[in-house]
Structures are given as structure tokens and as C-alpha cells.
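The values are calculated or read from the model by the stated rules, or taken from the named source; none is laboratory data. Just so it is clear, the structure is predicted and the values come from calculations on it, not from any experiment. Quick reminder, even Gly has a Cβ in these numbers, built from the backbone with ideal geometry, and neighbours come from all protein chains shown.
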Ligand code: ZN
């Protein structure tokens, strides 16, 4: 049985930049000239090449261009098909992989203006995340401030794999700006490719790279807690996107148990990590790494210990074999309603203001 998603808020979907040519009108003169002179062709993430099967269901793949580049298809297949009220666009164009922070900042401006001009202006159900140059937090804050006046931008988007753990104070100006403008920070599967995606070096296969994205998310989550980010920024919400959630119970148990023994080294963490995470961190649904039977999924969700942490998502147009059955079997009707509507509204203050 397919669970109805009418009126839901889709917290992770992926309109794709067709190529650098699409950004040229949105780049400033200097970077437009540099892209042309240097022959810079594109920034597609090597962790998610457009042609791999997982990047799109076959019936969601357009006859030309990349999956996620056609607004009419996105309307029909992601918005109308799931009857979603709003959907948040997370544009993955690997701009954080550039080593030149000024170039990255120019690209981020172009991506954010492109998504506003080509998607948000043309479809009122769409919202978006602000893409920021993680290479330089001061430039990232500039970009947040430049776009924060537009209420259609509802969060800040970061990749799971970075130059250093995201809890480090180097990144705190980004969290201060996000908290100031009531923007959750999404940490999405992806990487700046400064480090291997596994903790034991570079893997050989895409399958390995994708599966261990959840390990990167766990490491970032623990870094945010241990470094005291949520103590310093009590109004901050972090959303882990496309990195799973069924691993969460074991992670909470392990983090909390170890904290009990080692809490003296991080006195600013004055509550159990499990409690901090339940209060400040949310997880998007798809792809749902669900166990094979509904009772097992129900048990896993109960072990998380909160019905507020899951956010509905389709991950359109990515393909992880869930089809139109985006909500897995085994979740209670009450939890499904919260996941589809209540939890996203609580997570995204800018969306809540829109619907009131
Ligand atoms: Zn995603």
C-alpha cells in the first residue's frame, strides 16, 4: 500500500545545474571571463556522476540533459505525483570542491541566483537552500546575508565531507549567521574531496563511497556535539540529508555511553549527546535504509526515542528503488503525519510563517 503524502513538505529534492553554460548569465563579469578563458566545463560532483543509475529512476530521466534539469518533469513527477505542498531544493553542484575560495564564492552566488531565477520564480511550491563557499566562512556568511532577505531560501547547505570536522570553531561564523536568520543547516551526502570518503583511505567503487556517506554524517554530528556548537548556538537546527537514520539508535547509545565516561574533557557538553541530538538534529527520510519488514522498522524508529526527528523527503530524482512508495511500511499514522507536515514546519521557521 502506498501511503498518501498529500500536503507534505519534501525536505530534500535535487534540481540539477545543466552545466556551466547555465550559470554564465548569473556569474559576475570576472568569473564569466575566467570560466571562458580557462575552459572550466562544470562542477558536477564526482561522488554522484549524472549518468550513474542511482542518480535517477529510469522513468524520471529526461531524453536529453541531466536528471533534475526539467521543471515540467519535476512538477509532474515530484510535486504533483506526491501532492507535496512545498519542496526544498538542495542543489548539489560541488562548488565547495574548488580550491580557490573567491571562485567558489562566485559560483555560489551564481547557483543561488540561478535557482531563484530558474526555479523559485517559476514554481511557487519550491523553496531552496543557500549554497555557501565552505572554503572561507567569512565569504559564506556574506552569501547567507546576501540571500537571507528572500524568505524562499529556508536553510544553508553543506556537504558531509569537508576539510575538517564541522564542529571546529573555523566554521562557527556560518552557524552564527544561520541562527541569526533562523536557517537550519543541512549536511547532505557529498564531499569537498579533501579526504578519502572512508576512514581507511580511498575506496575503489562508487558503492563504497555512497554507503560510507553515513559514516561521514556520524563523524560530523559527533564533532558538532563535542565541540559545543549546540551550546554556543542554542537556536541552531542541523538537518542530516540523504545519509540515513536507522543507524541513529546505536549511534546515540554509543555516544552517550562514552560521554558518561569522558564528559570531564568537554564540560560545555552538559547533557547527554542523545538528548542534544534529539533537540537539535533532524534527518530526511529518503533513501530509507529500512529493514526488510515493517515491525523491525517500527522498532528502529521507537529506539530513536523521538517522533520529532524525521522529515519527509523524496530525494527526487535520485533512485534508490523506493519508487512512489516514499514512505516505508511500518510507521504509525501519527508519526507519518508528523514526518510529512508537523516536523518540517517546526524545523523550518520560514516555512511555518508562510503557511500561517
Ligand atoms: Zn538528497
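Condition check ((1) under 25 Å from residue 213 (Cα atoms); (2) within 16 Å of the ligand (Cβ to nearest atom); (3) buried (at least 19 other Cβ atoms within 10 Å of the Cβ)) across all residues:
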| site | (1), (2), (3) |
| --- | --- |
| 44 | yes, yes, yes |
| 52 | yes, yes, no |
| 67 | yes, yes, yes |
| 72 | no, no, no |
| 91 | yes, yes, yes |
| 94 | yes, yes, yes |
| 108 | yes, no, yes |
| 113 | no, no, no |
**Asked** If you take the residues in segment 18-32 that are in a loop (DSSP other than H, G, I, E, B) and at pLDDT below 95, which one is nearest to the ligand (Cβ to nearest atom)?
**Response** 18
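For every residue, the table says whether it meets (1) in a helix (DSSP H, G or I); (2) in contact (Cβ under 8 Å) with a residue 40 or more places away in the chain.
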position	(1), (2)
225	yes, yes
230	yes, yes
240	no, yes
246	no, yes
250	yes, no
255	yes, no
260	yes, no
263	yes, no
269	no, yes
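Quick one: count up the residues across segment 90-100 that are assigned to a helix (DSSP H, G or I) and touching a helix residue (DSSP H, G or I) at 6+ places or on another chain (Cβ under 6 Å).
1
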**Asked** Going by the structure shown, is residue 98 more than 23 Å from residue 209 (Cβ to Cβ), more than 16 Å from the ligand (Cβ to nearest atom), in contact (Cβ under 8 Å) with a residue 40 or more places away in the chain and surrounded by fewer than 22 Cβ atoms within 10 Å (Cβ to Cβ)?
**Response** no
**Asked** For residue 35, are the conditions met, namely being more than 23 Å from the chain's Cα centre (by Cα) and either over 22 Å from residue 350 (Cα atoms) or part of a helix (DSSP H, G or I) (or both)?
**Response** yes
**Request:** Could you tell me which numbered condition residue 80 fails, if it satisfies all but one of (1) closer than 17 Å to residue 146 by Cβ; (2) without any contact (Cβ under 8 Å) to a residue 40 or more places away in the chain?
**Result:** (1)
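Looking for something part of a strand (DSSP E or B), at pLDDT 95 or above and in contact with a helix residue (DSSP H, G or I) (Cβ under 7 Å, 6 or more places away or on another chain) - is there at least one such residue anywhere in segment 161-177?
Checked against the condition, which is being part of a strand (DSSP E or B), at pLDDT 95 or above and in contact with a helix residue (DSSP H, G or I) (Cβ under 7 Å, 6 or more places away or on another chain), segment 161-177 yields no hits at all.
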